[in-house]
Amino acid sequence: MTGTSKEVVIFCDGSSLGNGAAGARAAAVALLNFRDVWRAVGRYLGEATNQQAEIAAATLGLETLKEPCRVHLITDSRYVVETMTGRFRRKANLDWWQKLDEAARQHRIRWEWTKGHAGRAAQEAVDGAARRIAALGRVDESFLSEAAQAVNTVSAAQANAGNDAVNL
């Protein structure tokens, strides 16, 4: 990973409506920021658990990157952060973890947990988009555009207000 110069921030979240039950509908969404431009990507997962959707969201965000990067990945899943930093042992979802390992391999990643539903604009945007995609049963690009636009709007408003640090 020598020469990794691009710095990317990824917020990600997964949602499983009917978690663990037959007919559960799950989705994963990642919101990527590079040079103050936000882009959202999403995937409908079908029947998957909340834990699997959280792993898939991190995987999706990292898979979107076209070259090795320095990544600050933020999620409201302690399960993902603690497992990827070696504090939790992998006991289940091994195939999901394998995909995340593969997606993470070429990047230098700082894993961060954030409290969900705490008003952090980017986290709220990925949460809402993941829930909407899971409910619809397919990816609707307008959900992703709205998520990116919501964060772009907050970023612009904070920049115009003279804030040096955007709380995203």
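Read the figures in this text as sums done on the coordinates, not as results from a lab. Nothing here was measured: the structure is a model prediction, and the numbers come from that model. Heads up, the Cβs are rebuilt from the backbone with ideal geometry, glycines too, and the neighbour counts pull from every protein chain shown.
Rounded to the nearest 20, the size of the Cβ-charge dipole of segment 1-129 about its Cα centre is 300 debye, with Lys and Arg at +1 and Asp and Glu at -1. For segment 67-162, the percent of C-alpha pairs falling in each 10 Å distance bin, counted from 0 to the bin holding the largest distance, reads 14, 33, 41, 12, 1.
Place a label point 7 angstrom from the Cα of Gln98 along the Cα-to-Cβ direction, then list the residues of segment 30-58 whose backbone nitrogen is under 16 Å away. Of the residues in segment 30-58, 56 have backbone N under 16 Å from the label point off Gln98.
Candidate cross-link partners of Lys66 among the lysines, defined by an alpha-carbon separation under 28 Å and a same-chain spacing of 8 or more, comprise Lys6, Lys99.
Computed extension length for Ser145-Arg110: 10.0 nm, one decimal, from 0.36 nm per residue of separation with the Cα-Cα distance subtracted.
This ranking places Thr49, Thr114 by how few other beta-carbon atoms lie within 10 Å of each, fewest first, which gives Thr114, Thr49.
Projecting the Cα atoms of Thr114, Trp96, Ala129 onto the dipole axis of the chain, where Lys and Arg carry +1 and Asp and Glu carry -1 at the beta carbon, places Trp96 farthest toward the positive end.
All other residues whose Cβ lies under 12 angstrom from that of Thr59 are scored, Lys and Arg at +1 and Asp and Glu at -1, for a net of -2.
Charge tally for Ala28 (other residues, Cβ to Cβ under 9 Å; Lys, Arg +1; Asp, Glu -1): -1.
Just how far, in whole angstrom, is segment 1-54 from segment 72-87 if you go by their alpha carbon centroids? That distance is 13 Å. Volume per residue of the convex hull around the Cα atoms, evaluated for the chain, comes out as 109 Å³.
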